[in-house]
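For reference, the structure is listed below as structure tokens.
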Amino acid sequence: MNVLVTGGAGYIGSVCTEELLNAGHQVTVYDNLTEGHRSAVDPRAKFILGNPEEEGNILAAVESAKPDAILHFAASALVGESMMNPKKYFHNNLVNALKLADAAVACGVKKFVFSSTCATYGPPERVPMTEDLPQRPINPYGEAKLMFEKVLIWYREIYQLDFIAFRYFNAAGASEKFGEHHRIETHLIPNVLQVALGHKTHVEIFGTDYPTPDGTCIRDYIHIKDLAQAHILGLQPGKSGFFNLGNGDGYSVKEVIQMCEKITGKNIPAIEKSRRAGDPPRLVAAANKAFTELGWKPQYPKLEDIVKTAWAWHRKHPTGYAD
Ligand code: UDP
């Protein structure tokens with residue numbers, strides 16, 4: 001298929017672009033490079049330097065790429081930041097996504113693949129979490145993603161824009177070529193590995209008084225290449241709707257730090273801090289729907305392997321991408 005990937009210079013988008021190309025798809029990447037890196041774009045892809053704020057820019061990109069499908073990764077993705085700057089999140093993750101959906105409708109694009117999030121659920125009534133749980137986000141990041149999920153439901157019904165929306169749990173790990181480099185890093189695993197690399201003296205643990213066995217938040221970490229494979233399966237005809245993507249195993253912040261110590265062989269000092277606003281205590285996926293309906297089977301379900309691939313990438317790129 002001919003696919004347009006927004007955010008293809010970012011962490012998840014770069015690895016998905018690589019895997020789409022490996023699977024024989026044609027890819028055009030649209031990215032404004034505010035978060036992404038030009039050198040994270042697979043050289044086999046066409047690249048459009050986007051400016052989503054400019055009137056007509058998104059539509060022009062869709063018109064020129066003429067894609068069969070759009071994979072929309074471009075977004076702001078930090079829960080903590082969304083609590084301080086909600087405007088940025090509603091603008092980037094809702095308003096700009098809407099412009100893209102309108103362009104998809106105008107250009108007769110067959111399918112829209114949307115990067116949603118487990119943050120749309122808020123603190124769940126039960127774990128592991130199935131797709132039918134009530135969605136009550138507790139941060140603007142999750143709220144904006146949920147609002148756009150609703151847009152997609154109406155656009156499918158009224159404009160026949162077919163969609164698949166993946167609710168990612170915590171993307172982690174790296175491919176051989178592409179990994180996680182945010183200019184301001186707030187995610188747990190790369191922050192911990194920064195300590196192992198000697199770039200930071202310690203990692204901070206945000207909250208040790210959660211209702212979990214060791215008091216720290218529990219998350220479900222999913223390998224980036226496994227996420228990418230789900231997107232490729234989602235492009236098959238007849239695949240539609242909402243899917244959780246996670247491994248079904250929860251690891252606490254302290255367990256992640258211990259795993260990073262084991263893999264890197266380094267001591268990682270940790271300082272206990274207060275809670276970060278907007279963090280639900282425990283998010284763990286039930287991804288059975290993706291297993292049965294898409295035939296998805298994660299290849300790297302173990303946290304150990306996820307951290308190993310992240311560590312291999314960070315050691316090869318100790319300061320991340322050059323640009
Ligand atoms: N976290 C932490 N220290 C850090 C970064 C994150 O304690 O330096 C915690 C964070 O509060 C959350 C978990 O680790 O409970 C995962 O956070 P991350 O930002 O990686 O992903 P999120 O779940 O927010 O998408």
Given 219-226, 310-317, the highest-first ranking by average Cβ count within 10 Å works out to 219-226, 310-317
Contour minus Cα-Cα span, Lys302 to Leu21, at 0.36 nm per residue, comes to 98.6 nm
Highest mean packing first, using Cβ neighbours within 10 angstrom, the peptides 149-157, 121-129 sort as 121-129, 149-157
Computed from the beta carbon distance with a Förster radius of 45 Å, FRET efficiency for Lys273 and Asp132 to the nearest 0.05 stands at 0.80
Against the 2.2 N^0.38 Å rule of thumb, the C-alpha Rg of the range 81-149 sits at a ratio of 1.24
Interchain or sequence-distant (5+) residues whose placed amide H lies within less than 5 Å of the amide H of Gly248 are Ala285
Two pseudo-spin positions, 7 Å from Cα along C-beta at Tyr321 and at Asn85, lie apart in nanometres by 1.8 nm
A 1.4 Å probe over the protein heavy atoms gives the range 201-323 a carbon and sulfur accessible-area percentage of 51 percent
Taking N as the number of residues in the range 197-323, the ratio of its alpha carbon radius of gyration to 2.2 N^0.38 Å works out to 1.21
Excluding residues fewer than 8 positions from Lys273 in its own chain, the lysines with Cα under 20 Å of it are Lys200, Lys254
Expressed in angstrom and rounded, the centroid-to-centroid distance over alpha carbons for the range 170-205 and the range 237-306 is 15 Å
At q = 0.19, 0.23, 0.26 1/Å the base-10 log of I(q)/I(0) from the Debye formula over the alpha-carbon atoms of the range 203-257 is -0.74, -0.88, -1.01
In whole µm²/s, the translational diffusion coefficient that Stokes-Einstein assigns to the range 50-121, given a Kirkwood hydrodynamic radius over C-alpha pairs, 4 °C and 1.567 mPa s, equals 99 µm²/s
Listed by chain and number, the residues whose amide H is under 5 Å from that of Glu204, excluding neighbours fewer than 5 places away on the same chain and using placed H, are Ile271
Placing each pseudo-label 7 Å from Cα in the direction of the beta carbon, Val95 and Asn2 end up separated by a distance in nanometres of 3.1 nm
A correct Stokes-Einstein calculation for the range 109-219, using the alpha-carbon Kirkwood radius, 25 °C and 0.890 mPa s, returns a whole-number D in µm² s⁻¹ of 146 µm²/s
If unit charges are put on Cβ atoms (+1 for Lys and Arg, -1 for Asp and Glu) and the dipole of the chain is taken about its Cα centre, the option from Pro280, Ile58, Val192 lying farthest towards the positive end turns out to be Val192
Taking Rh as the Kirkwood radius computed over alpha-carbon pairs of the range 170-248 and applying Stokes-Einstein at 4 °C with viscosity 1.567 mPa s, one gets a diffusion coefficient in µm² s⁻¹ of 85 µm²/s
Along the range 166-182, Karplus-curve 3J(HN,Hα) (6.51, -1.76, 1.60; θ = phi - 60°) to the nearest Hz, with x for Gly and Pro, reads 9, 8, 6, 8, 8, 5, 7, x, 8, 8, 5, 9, 10, x, 9, 9, 9
Computed over the range 1-122, the Cα gyration tensor eigenvalues, each multiplied by 5 and square-rooted, give semi-axes in Å (largest first) of 22, 17, 14
If N is the residue count of the chain, its Cα Rg over 2.2 N^0.38 Å rounds to 0.94
Given pairs Lys110/Lys302; Lys66/Lys308; Lys145/Lys225 and cut-off 27 Å on Cα-Cα distance, the over-length ones are Lys110/Lys302; Lys66/Lys308
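The values are calculated or read from the model by the stated rules, or taken from the named source; none is laboratory data. On a predicted model such as this, the values are computed, not experimentally measured, just so you know. Backbone-built Cβ (ideal geometry, glycine too); neighbour counts: all protein chains shown. Protein only, heavy atoms only, side chains kept; ligands, DNA and RNA dropped before computing areas. Shrake-Rupley method; radii C 1.70, N 1.55, O 1.52, S 1.80 Å.
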